[in-house]
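K.L.:
One structure follows; several queries about it will come next.
Every read-out reported here was derived from the displayed coordinates using simple, explicitly stated rules and does not represent laboratory data. In this text, all values refer to a predicted model and were calculated from it rather than measured experimentally. In this analysis, Cβ positions are derived from the backbone assuming ideal geometry, glycine residues included, and neighbour counts consider all displayed protein chains.
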Amino acid sequence: MYAARSFLLCICLLALLLNLGWPAFAFAFHGVSDREIVPGDILPKISRQTVMDVPMAIPAEEGITVLLFWATWSPRSSEALELWERFSNDYKGQLLTIITINAERDELSSQDMKMIDQYIVETIPNLPVIQDEGLILFNAYAVSALPTVFFLENTGKVLHRYPSFPTSAPLDLKEELDITLGLKVRQTSEEKASRGRLDYQPKNNALLHYNMAVQLYKKGFMDKALERMVIALEKDPQYQDPLRTLEGVFFPNGRTPETEASLKVFLLENGLDDQVDRIGGGEPIMLEVPRKIDAMERMRLLMEKSNPSPGTSQ
């Protein structure tokens, strides 16, 4: 009898918490749907106001629309937002509309709204944000993890769905975006399988030093990463990945006479005169900018490297 009463009490408490919209239970249950939204599905066109009261068509009338669902309490959401903020600059000129959708919780207090507004100003000042009140879009798209990204055609057809944000997300999403925009051809399974095989086999442990440079850069040790890039080029001048990566570091927003001059000075100061004429000989390798290094700090470090002060030895 006691066990039965305890069970009934638990059921009543659960029902009460759900009715009150307790955040933990709201998170556990919202997004529940009969099935996932998958590529090939065609969704109805809708219109929503952004937090700046700008009407947004979903999907946009032309090109590709990217929807990014996020929340302030999701640690990975901030990384996804930063990535798409950068993509909005990298893909200027393309028929691409990026819309972010805040799926915080079912009900928002005035304090919640202030916190979200501040988060938007600090994290995504240039991207449109739709506040998903009542999690209507969240549930309509059957989102099960935050962040989640959808690529849509202007017809409403779902082209791609990418839940969560693993470490491979920046590369995965860039590749898929390039393919979707027609900037790149999708590789066959055979081509993907051969990706890891190098066309050129580096000599004298140059590959070892290059890989160390990449890891140091990703951890935010710009100075040490550049030193390893130099060593890799010294070990094998014919191995071009280090130079292509230096181009990516020096040309984060594209190659200009100023940034090219800085790279040339850097190469000359480090005794890599033979590499100067090879600048622009291939596509730059772009590494993810570590969060530890912001844009201003990176430029300062690069200027110090390419324009050493008098009396400083390289």
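K.L.:
How much length would be gained if the chain were fully extended between T155 and M113, taking 0.36 nm per residue of separation minus their Cα-Cα distance, in nm to one decimal?
P.N.:
Residue separation times 0.36 nm, minus the Cα-Cα distance, leaves 11.9 nm.
K.L.:
Ranking I279, I46, I64 by Cβ neighbours within 10 Å, fewest first, what do you get?
P.N.:
I46, I279, I64
K.L.:
Something else about it: How about the stretch 148-187: which trypsin sites (Lys or Arg not before Pro) there are in a DSSP loop, with at most 11 other Cβ atoms within 10 Å of their Cβ?
P.N.:
Listed in order of number, the matching sites are R186.
K.L.:
Choose one of Y141, I37, A169: the residue whose Cα lies farthest towards the positive end of the charge dipole of the stretch 27-183 (beta-carbon charges +1 Lys, Arg; -1 Asp, Glu; about the Cα centre).
P.N.:
Checking the options against the dipole of the stretch 27-183, the answer is I37.
K.L.:
Modelled label-to-label distance, E133 and L208, 7 Å Cα→beta-carbon offset: nm?
P.N.:
6.3
K.L.:
Quick check for me: using +1 on Lys/Arg Cβ and -1 on Asp/Glu Cβ, what's the dipole size of the stretch 27-183 about its Cα centre, in debye to the nearest 20? Walk me through the intermediate numbers first.
P.N.:
On the way: 11 positive and 23 negative charges, 28 e Å.
Dipole size: approximately 140 debye.
K.L.:
Once you have the alpha carbon radius of gyration of the stretch 27-183, what is it after dividing by 2.2 N^0.38 Å, with N set to its residue count?
P.N.:
With N residues counted in the stretch 27-183, Rg over 2.2 N^0.38 Å equals 0.97.
K.L.:
Here's something else I'd like to know. Students often forget the sequence filter, so: which aspartates and glutamates lie under 13 Å Cα-Cα from K224 once same-chain residues fewer than 8 apart are removed?
P.N.:
Answer for K224, where 13 Å is the Cα cut-off: none of the aspartates and glutamates qualify.
K.L.:
On average over all directions, what projected area in square nanometres does the stretch 100-192 have, based on the convex hull of its Cα atoms?
P.N.:
Projected over every direction and averaged, the Cα hull of the stretch 100-192 covers 7.8 nm².
K.L.:
Here's a follow-up. Please list 254-260, 56-62 highest first by mean number of surrounding beta-carbon atoms within 10 Å per residue. List each step's numbers first, then the result.
P.N.:
Details: 254-260: 11.9, 56-62: 16.6.
Per-residue mean Cβ counts within 10 Å order the peptides as 56-62, 254-260.
K.L.:
Based on the Cβ-Cβ distance from V185 to S144, what FRET efficiency comes out when R0 is 30 Å, to the nearest 0.05?
P.N.:
Taking R0 as 30 Å, the efficiency between V185 and S144 is 0.45.
K.L.:
Distance cut-off 18 Å, Cα to Cα: go down the list K203/K235; K45/K157; K45/K114; K218/K264 and report the pairs above it.
P.N.:
Details: K203/K235 7 Å; K45/K157 10 Å; K45/K114 30 Å; K218/K264 23 Å.
In this structure, K45/K114; K218/K264 exceed 18 Å between Cα atoms.
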